[in-house]
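Student: Can you keep this structure in mind? I'll have questions shortly.
The values are calculated or read from the model by the stated rules, or taken from the named source; none is laboratory data. In this text, all values refer to a predicted model and were calculated from it rather than measured experimentally. Backbone-built Cβ (ideal geometry, glycine too); neighbour counts: all protein chains shown.
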Amino acid sequence: MLKQQFFDINDGIDNDDRIKIANGLASFFADTYSLYLKTHNFHWNVTGTMFQTLHLMFETHYTELALAVDLVAERIRALGFIAPGTYSEFAKLTKIDEHHGDIEATLMIHHLIKAHEVVIKTARQVLELAEKANDQVTLDLLTQRLQVHEKTVWMLRSLVLARK
């Protein structure tokens, strides 16, 4: 649970709603950061016939995620809270599974699809809170993030799923 800062914010968002949104964003932040770490890990460790394609794709993805986590952290701060910033905080908040060791490239893709879907689900939960609170800034941020994650899942699936 995030602890509110020592200043009052009077911008039309109810304080209880602000707390719920900030805590939801903290989970979204932890999921996004964990996905960043997973993607970067896979970038470093991918092997096989798809090496070049996946190595470059994963780099594009983790670079985009690195920029995204900054936007989410800044939104948490704008709501008046300290953004989580340690591995232990992220570990408590995230729903993204870790993967260790040598993982085959196709399995990496499947793990990333699942991780992006976790982020998408978390975003939708927070989106609902933000919508109820009339928090357009958080709505806009999450809508943009959803678009990126859904497109990424589509592209990853296109690499591994055969036509029916």
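Student: Can you find a residue in the range 111-122 that is farther than 30 Å from G48 by Cβ, more than 11 Å from the chain's Cα centre (by Cα) and either surrounded by 19 or more Cβ atoms within 10 Å (Cβ to Cβ) or among the basic types (K, R) (or both)? Outline the logic, then answer.
Tutor: If we filter the range 111-122 for residues that are farther than 30 Å from G48 by Cβ, which is where we start, we get 122.
Pick out the ones that are also more than 11 Å from the chain's Cα centre (by Cα) and you get none.
No, there is no match, as no residue in the range 111-122 is farther than 30 Å from G48 by Cβ, more than 11 Å from the chain's Cα centre (by Cα) and either surrounded by 19 or more Cβ atoms within 10 Å (Cβ to Cβ) or among the basic types (K, R) (or both).
Student: Next question. Can you tell me which residue in the range 37-82 is surrounded by the fewest Cβ atoms within 10 Å (Cβ to Cβ), limited to those that are touching a helix residue (DSSP H, G or I) at 6+ places or on another chain (Cβ under 6 Å) and among the β-branched types (V, I, T)?
Tutor: V69
Student: Please list, ordered by residue number, the helices (runs of 4 or more DSSP H) wholly in the range 4-122 having 1 or more residues that are touching a strand residue (DSSP E or B) at 6+ places or on another chain (Cβ under 6 Å) and either at pLDDT 95 or above or of a type in the set (A, V, I, L, M, F, W, C) (or both).
Tutor: Counting at least 1 such residues, we get 15-45.
Student: F81: of a type in the set (F, W, Y) and under 30 Å from I9 (Cβ atoms), yes or no?
Tutor: Judged against the criteria, F81 is a match.
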